[in-house]
Amino acid sequence: MSQFYPLSVADLRQETRDCVSITFAVPPELEGAFRYQQGQHLTLRTTIDGEEVRRSYSICAAVQEQRLRVAVKRVAGGLFSGWANESLRVGDVVEVMPPMGHFHVPLDPANRKHYLAFAAGSGITPILSIIKTTLLAEPHSRFTLVYGNRASSSVIFKEEIADLKDQYLERLNLAFVMSREQQDIELFNGRITHDKAAQILRHWVKPEDVDVAFICGPEDMMLGVSAALQEAGVPKANIKIELFAAAAPKQAHKARSQDARAHHQTEVTVIMDGHHSHFVMDQDKESVLDAGIKAGIDMRYSCKGGVCSTCRCKVVEGQVDMDVNYALEDYEIARGFVLSCQSFPTTGKLILDFDSAE
Ligand SMILES: Cc1cc2nc3c(=O)[nH]c(=O)nc-3n(C[C@H](O)[C@H](O)[C@H](O)COP(=O)(O)OP(=O)(O)OC[C@H]3O[C@@H](n4cnc5c(N)ncnc54)[C@H](O)[C@@H]3O)c2cc1C
Ligand code: FES
């Protein structure tokens, strides 16, 4: 089930003029459900002006803290982020889905690795969780953070990052890249683009020393940095990406020609929390997620745009066509994972398993 739990807001902090951090109180009986990994996100649900709104927000605390804290940056005209920044109060109750996401790598105290992260704006939230967790869990590993903002006044978690630097002088390297505030070192002026990342990899970070790179921010930055890393020799498999977008622009699904289809309808079985639910849907009309919701199944979703991976599941039998995918990595697709919000069945029978993690 798309299980949401009502959690009350224990703490609210204005991090910058446009960003509020929210800490939720987790009652002891839900601690297991809300145990998270570094870099994971929560789906929050509320009703604004009579409309149900679901959005994803990354946890910014270390795994060792187990503190359910997110930071919401206001986007111009944004429904949820505007509401969270203006109307949310301590003690209010928000519906929260347990942590999800795969924006992390396994840690081992014996590792002696160098991790590199590029974050832009609110993209710092999962990165902060990853940095804190990693430096605590791997005493011999190092982290380099390249963090892009307009100016120092818009840097989310500025003091927390400065404190981390004091704590890990030798193991944490920081570069603040500012687009509207002139800094002494020219390399760090401007926006984090493909060119900027390439220059940083030429003059400041040795790409051959990088074991894993994390990127979090808007799509253009993410694609540019990923390309620069690969051109500098960092293998794609060692680059972990989290896209912070509301949703990709919705494209109409391109129907397959009738001749190409052996079946016009699909019998779908959904396995969730050990329960099997069945429904029949027309092919090419709507995604399997929308068809499941229409059939009365409490399907898991947030963005419905192929970005957040909340609707991720595994195809156990049958086949689907996926429209867009900004969330799954190549290895997940190879193992049969799909985004149900983007999936259109192409076989007469389809079994989807939402319980399968691997
Ligand atoms: C996995 C994941 C994790 C995320 N984690 C965080 C987080 O930790 N902190 C955070 O602040 N946000 C995060 N986001 C983005 C967040 O889910 C919302 O998309 C964002 O807060 C905007 O929602 P809204 O309801 O305010 O705007 P909407 O009402 O949905 O959108 C209003 C307008 O703003 C544009 N827009 C939406 N999002 C953005 C954006 N990020 N940048 C620029 N323009 C935008 C839309 O295209 C639209 O035109 C995350 C997204 C994903 C998929
Ligand atoms: S609901 Fe976000 S990827 Fe499908």
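About the Cα centre of the range 258-353, what is the dipole size in debye to 20, counting +1 per Lys and Arg Cβ and -1 per Asp and Glu Cβ, all else neutral? The partial results should precede the final answer.
Working: 9 positive and 15 negative charges, 30 e Å.
I would put it at about 140 debye.
Treating cross-link reach as a plain straight distance, find the lysines whose alpha-carbon is under 22 Å from the alpha-carbon of Lys285, omitting any fewer than eight places away in the same chain. Straight-line reach from Lys285, under 22 Å: Lys250, Lys254, Lys294, Lys304, Lys314, Lys349.
Can you pull out the GluC sites (Glu not before Pro) in the range 155-191 whose DSSP state is coil and whose Cβ has at most 12 other Cβ atoms within 10 Å?
Glu170
Candidate cross-link partners of Lys196 among the lysines, defined by an alpha-carbon separation under 22 Å and a same-chain spacing of 8 or more, comprise Lys158, Lys206, Lys236, Lys240.
In nm, what is the difference between 0.36 nm times the number of residues separating Glu186 and Phe279 and their Cα-Cα distance? Write out the running numbers ahead of the final one.
On the way: separation 93, 0.36 × 93 = 33.48 nm, distance 5.95 nm.
Here the answer is 27.5 nm.
What does the extension gain come out to for Thr193 and Ala295, with contour length at 0.36 nm per residue minus their alpha carbon separation?
Details: separation 102, 0.36 × 102 = 36.72 nm, distance 4.44 nm.
The span from Thr193 to Ala295 would gain 32.3 nm if fully extended.
Using C-alpha pairs below 8 Å separated by at least 6 residues, the relative contact order for the chain is 14 percent.
Using the Cβ-Cβ distance between Arg150 and Gln14 with R0 set to 25 Å, the FRET efficiency from 1/(1 + (r/R0)^6) comes to roughly 0.90.
Taking a Cβ cut-off of under 11 Å around Gln167, the surrounding Lys, Arg, Asp and Glu residues balance to a net charge of -1, with basic ones at +1 and acidic ones at -1.
Considering only DSSP beta bridges whose two residues both sit in the range 1-153, what percent are antiparallel, to the nearest 5?
Values: 28 of 35 bridges.
In the range 1-153, DSSP labels about 80 percent of beta bridges as antiparallel.
Between Asp166 and Arg335, the modelled label-to-label distance comes to 4.1 nm, taking each label 7 Å out from Cα in the direction of the beta carbon. Note on Val316 and Glu358: their simple-model spin labels are 1.8 nm apart, each label 7 Å out from Cα toward Cβ.
So what's the angle, to the nearest 10 degrees on a 0 to 90 scale, between helix 124-137 and the longest Cα principal axis of the chain? Around 70 degrees separate the two axes.
A cut-off under 13 angstrom between Cβ atoms defines the neighbours of Asp353, and their net charge, with Lys, Arg +1 and Asp, Glu -1, is 0. Relative to the Cα centre, the charge distribution of the chain, modelled as +1 at Lys and Arg Cβ and -1 at Asp and Glu Cβ, gives a dipole magnitude of about 460 debye. With a cut-off of 11 Å between beta carbons, the residues surrounding Tyr331 carry a summed charge of -2, where Lys and Arg count +1 and Asp and Glu -1. Between amide H atoms placed 1.01 Å from N, distances below 5 Å from Tyr5 occur with Val96, Met97, all of them 5 or more places distant or on a separate chain. Taking the C-alpha atoms only, the angle from helix 194-203 to the longest principal axis of the chain is near 40 degrees.
Read-outs: derived from the displayed coordinates by stated rules, not from any lab. Just so you know, these numbers come straight off a predicted model, no measurement behind them. Heads up, the Cβs are rebuilt from the backbone with ideal geometry, glycines too, and the neighbour counts pull from every protein chain shown.
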